[in-house]
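Have a look at the structure below before the remarks.
No value in this document is a laboratory result; all are computed from the given coordinates. Here the structure is a predicted model, which means the values were calculated and not measured. In this analysis, Cβ positions are derived from the backbone assuming ideal geometry, glycine residues included, and neighbour counts consider all displayed protein chains.
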Amino acid sequence: MTDPNAKRLLWFLFAGSRGGDNRMKIIDLLKERPYNINQLSESLGLDYKAIQHHILVLQKNNIITKMGEKYGVLYFISNYLEANIEAFNEIKSKINH
């Protein structure tokens, strides 16, 4: 079930705040397969601490979930984002024009 407030939240996370572009890149990678913070850092060429910050923001807003513990933690897109993926794709296409 899509959330009517999802679009507002996604606009804020990806267009309305600093780091939105990097968060969008993280989501694009996680749509393909699960990653850990180190893999995301290497794939995106960003500092580990920066990825850690974006992951916390995305987790806090229920956009991604994690499985595993300590160094074995993998991140996935959440069921919430999957249900609202059309809104994400729409925002992404508007930002990247």
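Brief remarks follow.
- Cα-based convex hull volume of the range 1-43 per residue, rounded to whole Å³: 81
- Between the Cα long axis of helix 20-32 and the first principal axis of the chain there is an angle of about 70°, rounded to the nearest 10.
- Tail fraction, Cα-Cα pairs, the range 37-78, threshold 11 Å, whole percent: 63
- Rounded to the nearest 20 debye, dipole of the range 6-95 from Cβ charges on Lys, Arg, Asp, Glu: 260
- For the chain, the alpha carbon convex hull comes to 95 Å³ per residue, rounded to a whole number.
- Sequence-separation-based contact order of the range 2-97, relative, with Cα cut under 8 Å and 6+ spacing, percent: 31
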